[in-house]
Amino acid sequence: MADPFAIGDVMIPNRIIQAPLAGIANRAFRRQSRRHGAGATVSEMVSAHALVRDNPQSIAMATPAEDESPVGIQIFGAEPQVMANAAAIVADAGADWIDVNMGCPVGKVCRTGAGSALLDDPVRAAELVAAMVAAVDIPVTVKMRRGMTPATSRPTETARVLADAGAAAICFHPRAAAEEYAGSADHTITAAVVEAVDVPVIASGDVRTPEEAATVMESTGCAAIAVGRAALGNPWVFGAMVRGEAVPRMSLADTAVELRGYVGELIALQGARRANKDLRKFYPWYLAGHGFPDERMRLMQTADTADEALDVLEEWVGQPTAA
Ligand SMILES: Cc1cc2nc3c(=O)[nH]c(=O)nc-3n(C[C@H](O)[C@H](O)[C@H](O)COP(=O)(O)O)c2cc1C
């Protein structure tokens, strides 16, 4: 996992990528993932429509920090021209590559023809990729599920059409949109996609440990692994996978130190008020398995500021029995 590979002409120093995560993979989260060893990161999905309308919040979401290369910025939309214009904006903002969302199962997105709905319309999906490729000099990649439903899925055909349209890599999650996150990811489908296309395939879905990463890579022949949910509250997973070592069991005290660092970065990015709200979902992720009392978790999640929430945690860590 520690050797490089390329997406188009972008070199990725290792084969463990932080997966795109809406509402999570902002600059602070991406920086943390890189610090812990991810070879590259991908942003949360950004609306192409909002980008072309010059929406300041979306422009900020699509603008990488100067020190975070290599990074992919993911956009979603359904119209080739809008996606091409948005791609040009993202390229100017400093992305190393642009990823197209063809996996989002959420109704609000699919009803506009974007996200996984594009998988039911491969001709349009290919037009969209070709228009983007023509508009920018950086690689355009696609993040896709196997299809909208298991019955209508044609993942190998779709991936081939997208690669022929110019996609420089495919990140593949083998569940159908209708399956959301049910069951387990069937990476025999990923293996068929790897076989079907000449571009690198990044496997996504249910990879939680270095052993699982190695198994998926060997069984599919994929170029890299994308890690999503396993990294929530557990950034150490990236380095462990790159090195092929067991994921370290962090002490509560070390976890609290990591969390404080992350809180600081998120406040710097979002401001104290928004960060405090955003962090409420992170606390259980970080503290799961540490025997952290429920009533203290409630205090953290209802605190007026993130600093107050951290005080609740650190007071507990300071108790002789806690760490
Ligand atoms: C909270 C959450 C947000 C997600 N947001 C995105 C997104 O914005 N774009 C995308 O392509 N996939 C998104 N995904 C899918 C993940 O990138 C990944 O493919 C999926 O979670 C399976 O991988 P995992 O088992 O490693 O989490 C999201 C998943 C989760 C759980």
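The values are calculated or read from the model by the stated rules, or taken from the named source; none is laboratory data. Just so we're clear, the structure is a prediction, and the values are computed from it rather than from any experiment. Cβ: placed from backbone, ideal geometry, glycine included. Neighbour counts: every protein chain shown.
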Enumeration of residues in region 285-298 that are surrounded by 15 or more Cβ atoms within 10 Å (Cβ to Cβ) and not hydrophobic (A, V, I, L, M, F, W, C)
Tyr286, His290, Arg296
All-but-one check, Ala169 against (1) under 18 Å from the mean Cα position of the chain (by Cα); (2) farther than 28 Å from Val90 by Cα; (3) of a type in the set (A, V, I, L, M, F, W, C), failing number (2)
How many residues does region 209-232 hold that are under 14 Å from the mean Cα position of the chain (by Cα) and not β-branched (Val, Ile, Thr)?
7
Considering only region 266-289, I want to know if a residue exists there that is among the small types (Gly, Ala, Ser), in contact with a helix residue (DSSP H, G or I) (Cβ under 8 Å, 6 or more places away or on another chain) and touching a residue at least 60 places away in the same chain (Cβ under 8 Å).
yes
Check whether at least one residue in region 220-240 is of a type outside the set (A, V, I, L, M), assigned by TED's automatic domain parsing to the domain that holds Ala38 and more than 24 Å from Glu44 (Cα to Cα), and report yes or no.
yes
Can you tell me which condition Val161 does not meet? The list is (1) under 14 Å from Val142 (Cα atoms); (2) in contact with a Pro (Cβ under 6 Å, 6 or more places away or on another chain); (3) part of a loop (DSSP other than H, G, I, E, B), and all the others hold.
(3)
Residues located in region 107-159, provided they are away from the ligand (no atom under 14 Å from the Cβ) and hydroxyl-bearing (Ser, Thr, Tyr):
Thr112, Thr149, Thr152, Ser153, Thr156, Thr158
Hits in region 114-135 - residues which are part of a loop (DSSP other than H, G, I, E, B) and either over 22 Å from the mean Cα position of the chain (by Cα) or surrounded by fewer than 19 Cβ atoms within 10 Å (Cβ to Cβ) (or both):
Asp121
